[in-house]
Amino acid sequence: MSAYRFVVSVMPRAGILDPQGRAVEGGLGHLDVSGVHDVRVGRRVELAVDAADAGAARAVAERLAAELLANPLIEAWRVEPLEEPVV
Amino acid sequence: MKVGVIVFPGSNCDRDALHAARLAGAEAVALWHERPDLQGAELVILPGGFAHGDYLRAGALARFSPVMAAVREHAEQGGLVLGICNGFQVLTEARLLPGALLRNASLRFEHRWVRLAVTRHDTPFSAAIPAGTMLRLPVAHGEGCYVLPDPELDALEARGRVLFRYALPEGNPNGSLRDVAGVLSENGRVCGLMPHPERAVEPLLGSDDGLLLFRSLVAGAARMAA
């Protein structure tokens with residue numbers, strides 16, 4: 001068994017109201033920044049899976065993403081190997 | 001009628017729901033979320049609050065509480081289930097009701113009185129509400145913006161499954177599509193709504209319109225038993 005690390009990115013689906021993204025975009029004006037648009041706010045989840053190989057580990061991460069980390073009705077997600085943790 | 005009110009860690013309207021059910025004439029018991037046992041309840045209420053802290057998404061973790069398997073089985077067998085506010089969020093996350101509840105369009109926690117139109121009176125949740133009555137109930141939520149893809153929402157409306165809508169003069173508090181405030185399951189036995197009927201059961205509270213919903217359920221059960 002080895003530990004495989006993944007990052008799951010969860011974003012509001014296109015066309016779904018993203019009030020957080022809209023609020024952040026609205027706040028940019030206070031920073032004297034112009035030309036920034038299409039701000040969207042999602043969620044990043046990092047996790048480690050103990051499994052025999054990378055494929056088995058990824059299957060677990062994909063299942064977690066679809067059944068818990070994202071709500072498929074309103075969110076899209078992507079599972080990727082975690083190369084560099086943010087911290 | 002026996003009513004069971006589920007208590008999740010973070011529920012905070014469970015006692016109000018027990019009180020409302022008793023006022024309407026039911027026997028009411030609290031059900032701890034870790035026990036997959038409904039203790040014979042004919043109506044199960046998922047109350048308002050912040051189950052499991054609302055981490056990840058409101059209702060997303062509560063859906064995996066052991067009691068939810070029993071709730072699902074109860075609903076599938078035609079048992080009555082009512083989800084109020086956070087309870088509605090849990091029921092959508094558990095896919096016992098369609099749609100999802102997003103952050104309010106205002107980005108604010110909305111707590112105020114609203115007016116609800118009742119679209120039909122032939123359901124266990126609305127039978128005792130006189131036709132034409134607009135219910136005056138409070139809302140108190142941060143994530144109450146109801147969404148469902150257009151074709152599915154069309155189908156829901158066509159089948160009479162939008163039971164409550166926000167109405168003027170106060171209007172829609174959260175940006176819900178087509179002013180949806182409460183919906184029914186396909187078999188009509190599961191209902192979820194964002195406003196709080198259990199907080200409006202005595203004139204002292206500002207309204208007792210919420211009692212009509214609880215009376216509908218209790219009177220319906222009494223008729224079935226007779």
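Key figures for this structure:
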| quantity | calculated |
| --- | --- |
| Residue match in segment B:150-161 (condition: under 24 Å from B:SER11 (Cα atoms) and at pLDDT 95 or above) | no |
| Answer from A:ARG40, A:ARG44 - the residue that is within 14 Å of another protein chain (Cβ to nearest Cβ) and modelled with pLDDT under 95 | A:ARG40 |
| Hits in segment B:151-169 - residues which are within 14 Å of chain A (Cβ to nearest Cβ) and in contact (Cβ under 8 Å) with a residue 24 or more places away in the chain | B:GLU152, B:LEU153, B:LEU156 |
| Answer from B:LEU38, B:LEU43 - the residue that is crowded, with 22+ Cβ neighbours inside 10 Å, in contact with a strand residue (DSSP E or B) (Cβ under 9 Å, 6 or more places away or on another chain) and modelled with pLDDT of 95 or more | B:LEU43 |
| Residue satisfying all of: in segment A:60-73; more than 13 Å from the chain's Cα centre (by Cα) and surrounded by 14 or more Cβ atoms within 10 Å (Cβ to Cβ); farthest from the other protein chains (Cβ to nearest Cβ) among these | A:VAL60 |
| Residues of segment B:151-179 classified as at negative phi and out of contact with any Leu (no Cβ under 8 Å at 6 or more places or on another chain), total | 14 |
| Flag if A:ARG44 is under 18 Å from B:ALA100 (Cβ atoms) and of a type in the set (Lys, Arg) | no |
| Residue match in segment B:124-134 (condition: closer than 18 Å to B:LEU46 by Cβ, surrounded by fewer than 23 Cβ atoms within 10 Å (Cβ to Cβ) and more than 14 Å from chain A (Cβ to nearest Cβ)) | yes |
| Neighbours by Cβ (under 9 Å, 6+ apart or cross-chain): first from segment A:23-46, part of a helix (DSSP H, G or I); second of a type in the set (S, T, N, Q) and loosely packed, with under 11 Cβ neighbours inside 10 Å | A:LEU28/A:SER34 |
| Scope segment B:57-106; condition assigned to a helix (DSSP H, G or I), in contact with a Ser or Thr (Cβ under 8 Å, 6 or more places away or on another chain) and either surrounded by 21 or more Cβ atoms within 10 Å (Cβ to Cβ) or within 14 Å of another protein chain (Cβ to nearest Cβ) (or both); matching residues | B:ASN86 |
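The values are calculated or read from the model by the stated rules, or taken from the named source; none is laboratory data. Computed from a prediction, not measured in an experiment: that's the story for all the values here. All Cβ positions, glycine included, derive from the backbone under ideal geometry; neighbour counts span all protein chains shown.
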